[in-house]
1. Residue 69: modelled with pLDDT under 95 and either touching a helix residue (DSSP H, G or I) at 6+ places or on another chain (Cβ under 7 Å) or part of a loop (DSSP other than H, G, I, E, B) (or both), yes or no?
2. Out of 148, 90, report the one residue that is under 14 Å from the mean Cα position of the chain (by Cα), free of Cβ contacts under 8 Å to residues at least 24 places away in the same chain, part of a helix (DSSP H, G or I) and more than 27 Å from residue 174 (Cβ to Cβ).
3. Scan 138, 130 and give me the residue that is closer than 22 Å to residue 75 by Cα and either within 17 Å of the chain's Cα centre (by Cα) or in contact (Cβ under 8 Å) with a residue 24 or more places away in the chain (or both).
4. Scan region 10-43 for residues that are surrounded by 12 or more Cβ atoms within 10 Å (Cβ to Cβ), at pLDDT 85 or above and part of a loop (DSSP other than H, G, I, E, B) and jot them down.
5. What about residue 177, is it over 22 Å from residue 121 (Cα atoms), more than 16 Å from the chain's Cα centre (by Cα) and assigned to a helix (DSSP H, G or I)?
6. What tally of residues in region 93-111 results from selecting those that are under 18 Å from the mean Cα position of the chain (by Cα) and not in a loop (DSSP other than H, G, I, E, B)?
7. I need the full set of residues from region 157-166 which are surrounded by 18 or more Cβ atoms within 10 Å (Cβ to Cβ) and either within 16 Å of residue 191 (Cβ to Cβ) or out of contact with any helix residue (DSSP H, G or I) (no Cβ under 6 Å at 6 or more places or on another chain) (or both), in order please.
């Protein structure tokens, strides 16, 4: 009986457009991914580079918050529908004053924060990446899904951030520095780490959906 279930699960996994049904296991995964995203919001990965030169060693220190890779991980693991449910739960909870789960707190007033556009962009990142994932599970297709998802999140984040900055009458230098710090200096890291996260999610999904798919 178990062997038959496993074989059916493997067949369902390899169908490109299979819909994930609602069950206790799916609910647990959604809640688990929601917690993972909250944890990622307050996690800083320290990246250090020591670049030797002829006369002086250059030391670069960079702190990276892995929210976007986790969003793409959720998209690859749960698919479009359940991935969106997870992201919407995160946004709704964060806009509720009792759950300050965003980086700088929470509540409805958070929509006026510079970085809220990136959070809003998670929705479109999940949609674009999930639709790309549906085609096939090739390495190239996974890379394209990551690329589309990351670029969508950053594009929406930059536009939203620029609008808030203009409404606050911030100068051009301030806006350009903000764009560099929030996007340009991080987008390559987001692509690399998101690609690793997506590959991991696909491997995990292949195992999990045998039992709950």
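The values are calculated or read from the model by the stated rules, or taken from the named source; none is laboratory data. All values reported here derive from a predicted model rather than from experimental measurement. With ideal geometry, Cβ positions are generated from the backbone for all residues, glycine too; neighbour counts draw on all protein chains shown.
1. On the way: modelled with pLDDT under 95: no; either touching a helix residue (DSSP H, G or I) at 6+ places or on another chain (Cβ under 7 Å) or part of a loop (DSSP other than H, G, I, E, B) (or both): yes.
The answer is no for residue 69.
2. Values: 90 fails: free of Cβ contacts under 8 Å to residues at least 24 places away in the same chain.
After ruling out the rest, the residue left standing is 148.
3. Answer to the selection: 130.
4. 43
5. Working: over 22 Å from residue 121 (Cα atoms): no; more than 16 Å from the chain's Cα centre (by Cα): yes; assigned to a helix (DSSP H, G or I): yes.
Considered against the rule, which asks whether it is over 22 Å from residue 121 (Cα atoms), more than 16 Å from the chain's Cα centre (by Cα) and assigned to a helix (DSSP H, G or I), residue 177 comes out as no.
6. Number of matching residues: 3.
7. Of the residues in region 157-166, the ones surrounded by 18 or more Cβ atoms within 10 Å (Cβ to Cβ) are 157-158, 160-161, 164-165.
Passing the criteria: 157, 158, 164.
Results for (1) modelled with pLDDT of 90 or more; (2) under 22 Å from residue 81 (Cα atoms); (3) surrounded by 14 or more Cβ atoms within 10 Å (Cβ to Cβ), shown as yes or no for each residue.
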| position | (1), (2), (3) |
| --- | --- |
| 105 | yes, no, no |
| 109 | yes, no, no |
| 114 | yes, no, yes |
| 126 | yes, yes, yes |
| 130 | yes, yes, yes |
| 144 | yes, yes, yes |
